1. Amide H to amide H, which residues 5 or more places from VAL41 or on other chains are under 5 Å from it, using H placed in the peptide plane?
2. Sequence-distant or interchain residues sharing an amide H contact under 5 Å with ILE60, placed H: which?
3. Could you grab the relative contact order for the stretch 37-81? Cα pairs under 8 Å, six or more apart, rounded to a whole percent.
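Laboratory data are not the source of any read-out in this text; all were calculated from the coordinates shown. Note that the structure is predicted; figures quoted are calculated from it, not measured.
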Amino acid sequence: MIKLLLLVLCGFVFYSMISGLLRPGKSRRPENHSDEGEIMVEDPQCGTYLPLSEAIKATIHNRQHYFCSKKCLKEYKKTQE
Ligand SMILES: [Zn+2]
């Protein structure tokens, strides 16, 4: 009788291990902490805010500007000339 109980217990432990392996992601959180603590800068050409690390830096008339793309940088330079 005790052997049977142990067998059932082992089976239950085994089953919960397997079902735990087959159902991943219950404790896994989606990664949406990308912009936290990042300095945001504004693109003066199109008005987009983007993280400083992704911005294209340019000094125009002794002022530092940040752009989302080279296209914006070119267009902004054109308007400043
Ligand atoms: Zn832009």
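1. LEU50, LEU52
2. Hits under the 5 Å cutoff: HIS65.
3. 34 percent
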